[in-house]
Every structure is written in structure tokens, then in C-alpha cells.
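**Student:** Have a look at this one before I ask anything.
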Ligand SMILES: Nc1ncnc2c1ncn2[C@@H]1O[C@H](COP(=O)(O)OP(=O)(O)O)[C@@H](O)[C@H]1O
Ligand SMILES: NC(=O)OP(=O)(O)O
């Protein structure tokens with residue numbers, strides 16, 4: 001069975017935690033302990049978020065007096081793929097001796113005229129007070145928006161069209177290699193007037209890229225792993241209830257917040273609609289049980305879909 005896992009930013013650093021390298025490495029090791037049993041039994045592709053990290057490196061760059069201009073977001077996105085990819089590579093190699101593992105720097109094609117460039121929505125970096133965020137917006141020309149109780153920088157997040165290195169990833173996976181790729185949704189690139197790839201200032205949603213990649217790699221299951229056990233109806237209200245098994249049609253009838261559960265639900269529902277295979281959203285440390293259909297929110301084409309037949 002071929003399984004593609006999208007690892008949430010929460011798995012690396014939670015809101016309010018200091019994003020020291022030691023802490024993130026320890027969190028990566030913990031995540032890999034959960035993922036290792038999947039890799040032992042299945043072909044595995046791992047993608048990961050980079051929102052907190054891309055924001056942190058962008059802040060460092062904007063404060064670096066030796067630069068005439070800060071590094072662009074595509075370059076910083078590639079830096080985060082290198083950094084997080086290295087942590088994951090090492091942790092996976094240590095957990096899976098004898099198994100080939102690779103972490104790739106790779107790019108995702110977007111449209112240069114995606115309307116997202118006019119309407120930044122992707123939260124990056126740390127949480128600020130409103131006053132701090134407004135000062136940063138004035139000083140650095142950032143766009144900032146409320147996120148929960150705090151404020152954060154937002155950047156454009158164009159829709160992923162295709163992962164440029166898909167063929168290579170497929171070859172590696174078919175050969176039994178565990179592949180870490182499409183980190184931070186992939187480095188956003190477009191084709192310029194002369195057909196050359198060129199980076200753009202954006203951060204792609206990693207769940208949406210993971211959905212596209214899972215489809216093109218013909219994954220049998222697409223797991224979105226985060227810090228909540230299931231998607232909830234009426235989240236955060238006294239009427240809150242867990243969704244155990246659902247369909248794209250049912251999910252699309254509900255409203256989910258744009259900055260968090262919304263893209264996950266869209267990514268899962270889209271994958272199931274396009275492929276007829278299974279997607280799920282749930283907690284990282286329950287990933288084995290989620291794949292068995294015994295935990296998480298399981299999304300299948302219809303209510304009677306024979307889950308057990310895929311296992
Ligand atoms: N309907 C919902 N059901 C469950 N969680 C939700 C819902 N709406 C919003 N959330 C929030 O979404 C968060 C997960 O999204 P996000 O923080 O973007 O995850 P990650 O960084 O792991 O990708 C949860 O921690 C929860 O607070
Ligand atoms: N690029 C991205 O979607 O990162 P997060 O999941 O960390 O927000």
C-alpha cells in the first residue's frame with residue numbers, strides 16, 4: 001500500500017513554544033516514532049508544514065544589517081525544506097536502519113496571476129499582540145491579520161498545480177525509498193515568458209500540495225496528521241461533536257476556518273473526490289489506527305465504502 005502523510009506544523013513547534021532547533025529536533029524524533037510503523041509496512045511519502053519556520057527565517061533576514069534586501073520567500077521556503085528535511089532524514093534513518101530515506105528540495109508550480117497574490121491569507125511566523133503586529137507591518141511592509149487570540153504575518157498562498165519533481169519522487173517510492181518532500185507545500189515557482197522556472201514570493205498550503213501529490217503518485221491513502229483526534233462539527237462550541245466517518249459531500253456542507261481546518265478538509269475531500277481512495281484527518285500518534293479506520297476522521301467516497309478492503 002502507498003501512503004502519503006502530511007505532517008502538521010504543530011508536530012514540529014506548537015503555538016507559543018520557542019522554536020529552538022533542539023525543541024524542533026526532539027519533536028521531529030517523536031513524530032518519526034509514530035510514523036516508523038507505517039514505513040515498516042507500506043511505501044511512505046512524508047510532507048510537512050513550514051509556517052512557523054518560514055516566518056522566523058524571514059524575520060531574521062529582514063533584521064540582517066549586512067543585506068541590502070531581505071531574502072525572498074521562495075528562497076526561505078527552500079531553506080526550511082533543507083532544515084526540516086535534514087531533521088526528518090536523520091530521525092527516519094535512525095528509526096529505520098536498512099531502509100533508504102531521502103529528503104528533497106523541490107518546487108511546486110503555481111500561476112503567476114493567481115488571485116492569492118492580491119489577498120495574502122497564509123499565516124507564517126510567531127504570534128504577536130495587535131500593537132506589535134501593526135508596528136511590524138509599518139516597519140517592514142508586512143500584511144498582518146488576527147489569528148485566534150493573537151496577530152500574525154500573512155503572505156500570499158497560491159493554489160498548487162503540480163509538484164515539478166513528481167516523476168523522480170515516484171521512482172524513489174517505487175524503489176522502496178521513504179521520501180520526505182513537498183515541505184511547506186513546495187517552493188512556489190511559475191514558468192516565465194521564456195518557459196524557465198522562477199520562484200515567487202509566497203508560501204503554499206502544504207495540505208493542498210500534499211493532496212495534489214497524493215493523487216499524482218496514486219497513493220492508496222492520504223493522511224493529514226495534526227494535533228486534534230478528529231475534525232469536529234460546531235468546533236469550539238458546547239455543541240461540538242467528533243466526526244468519525246464522512247464523505248466529501250458531507251464535509252463540503254460544513255464551514256471550517258480558513259487558516260487551520262479549512263485547507264485540511266478541502267485537501268482530504270478533493271483527494272477522495274478525484275481518486276475514489278481514502279483520506280483521513282487525525283492525530284499524529286494515532287496514525288497506524290487511522291489507517292486501519294479505527295481513529296481519526298475517515299473520508300471515503302460514500303458511507304458504505306469498503307474500508308477494510310484497502311488494508
Ligand atoms: N472543526 C474543527 N475541528 C477540529 N479542529 C479544528 C476545527 N476548526 C479549527 N480547528 C483547529 O485546527 C487546528 C489544526 O490546524 P493547524 O493548526 O493548521 O494544524 P497543523 O499546524 O498541524 O497543520 C486544531 O488544533 C484546531 O484548533
Ligand atoms: N506551508 C504550510 O502550509 O505550513 P504550515 O502547515 O506549517 O502552516
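The values are calculated or read from the model by the stated rules, or taken from the named source; none is laboratory data. The model shown is predicted, which means the values in this text are computed figures rather than measured ones. So basically every Cβ, Gly included, is an ideal-geometry build from the backbone, and we count neighbours across all protein chains shown.
**Student:** From the list 38, 59, 67, exactly one residue is within 16 Å of ligand 2 (Cβ to nearest atom) and over 17 Å from the mean Cα position of the chain (by Cα). Which is it?
**Tutor:** 59
**Student:** Here's another thing I want to ask about it. On the basis of being at pLDDT 95 or above and in a strand (DSSP E or B), does residue 298 make the cut?
**Tutor:** So residue 298 fits the description; yes.
**Student:** List the strands (runs of 3 or more DSSP E) that sit entirely inside segment 186-244 and contain at least 2 residues that are closer than 19 Å to residue 7 by Cβ and in contact with a strand residue (DSSP E or B) (Cβ under 8 Å, 6 or more places away or on another chain). Walk me through it before giving the result.
**Tutor:** Numbers: elements: 187-191, 197-199, 221-226.
Hits in segment 186-244: 221-226.
**Student:** Among the residues of segment 37-45, is any part of a loop (DSSP other than H, G, I, E, B) and either away from ligand 1 (no atom under 16 Å from the Cβ) or within 22 Å of residue 222 (Cα to Cα) (or both)? Walk me through it before giving the result.
**Tutor:** Step one: filter segment 37-45 for residues part of a loop (DSSP other than H, G, I, E, B), giving 42.
Okay, now just the ones that are also either away from ligand 1 (no atom under 16 Å from the Cβ) or within 22 Å of residue 222 (Cα to Cα) (or both), so 42.
Yes - at least one qualifying residue is present in segment 37-45.
**Student:** Additional query: Give me a count of the residues in segment 111-128 that are more than 16 Å from ligand 1 (Cβ to nearest atom) and either out of contact with any strand residue (DSSP E or B) (no Cβ under 6 Å at 6 or more places or on another chain) or assigned to a strand (DSSP E or B) (or both).
**Tutor:** Here the count works out to 9.
**Student:** Which numbered condition trips up residue 55, out of (1) in a helix (DSSP H, G or I); (2) crowded, with 20+ Cβ neighbours inside 10 Å; (3) touching a helix residue (DSSP H, G or I) at 6+ places or on another chain (Cβ under 8 Å)?
**Tutor:** Only one criterion is unmet by residue 55, namely (3).
**Student:** Additional query: Of all the residues that make up segment 70-105, how many are under 18 Å from residue 32 (Cβ atoms), outside any helix (DSSP H, G or I) and free of Cβ contacts under 8 Å to residues at least 60 places away in the same chain?
**Tutor:** Within segment 70-105, residues that are under 18 Å from residue 32 (Cβ atoms), outside any helix (DSSP H, G or I) and free of Cβ contacts under 8 Å to residues at least 60 places away in the same chain number 2.
**Student:** Does residue 7 satisfy the criteria of being within 16 Å of ligand 1 (Cβ to nearest atom) and either over 20 Å from residue 283 (Cβ atoms) or touching a residue at least 60 places away in the same chain (Cβ under 8 Å) (or both)?
**Tutor:** Against the criterion (within 16 Å of ligand 1 (Cβ to nearest atom) and either over 20 Å from residue 283 (Cβ atoms) or touching a residue at least 60 places away in the same chain (Cβ under 8 Å) (or both)), residue 7 qualifies.
**Student:** All but one of (1) part of a helix (DSSP H, G or I); (2) in contact with a helix residue (DSSP H, G or I) (Cβ under 6 Å, 6 or more places away or on another chain); (3) within 16 Å of ligand 2 (Cβ to nearest atom); (4) modelled with pLDDT of 95 or more hold for residue 108; state the number of the condition that does not hold.
**Tutor:** Every condition holds for residue 108 apart from (1).
**Student:** Would you confirm whether or not segment 228-248 contains a residue that is at pLDDT below 95, surrounded by 13 or more Cβ atoms within 10 Å (Cβ to Cβ) and under 24 Å from residue 35 (Cβ atoms)?
**Tutor:** Yes: one or more hits.
**Student:** Here's a check for you: in segment 252-281, which residue that is farther than 17 Å from residue 160 by Cβ and buried (at least 23 other Cβ atoms within 10 Å of the Cβ) is farthest from ligand 2 (Cβ to nearest atom)?
**Tutor:** Applying the filter and picking the extreme gives 278.
**Student:** Within segment 201-216, how many residues are surrounded by fewer than 19 Cβ atoms within 10 Å (Cβ to Cβ) and closer than 16 Å to residue 113 by Cα?
**Tutor:** Total satisfying the criteria: 1.
**Student:** Here are 131, 215, 118, 198: which of them is touching a residue at least 40 places away in the same chain (Cβ under 8 Å) and away from ligand 2 (no atom under 15 Å from the Cβ)?
**Tutor:** Every option except 215 fails the conditions.
**Student:** Which residues, counting only those in segment 4-35, are outside any helix (DSSP H, G or I) and either surrounded by 22 or more Cβ atoms within 10 Å (Cβ to Cβ) or within 16 Å of ligand 2 (Cβ to nearest atom) (or both)?
**Tutor:** Those that are outside any helix (DSSP H, G or I) and either surrounded by 22 or more Cβ atoms within 10 Å (Cβ to Cβ) or within 16 Å of ligand 2 (Cβ to nearest atom) (or both): 4, 5, 6, 7, 8, 12, 13, 14, 15, 16, 17, 19.
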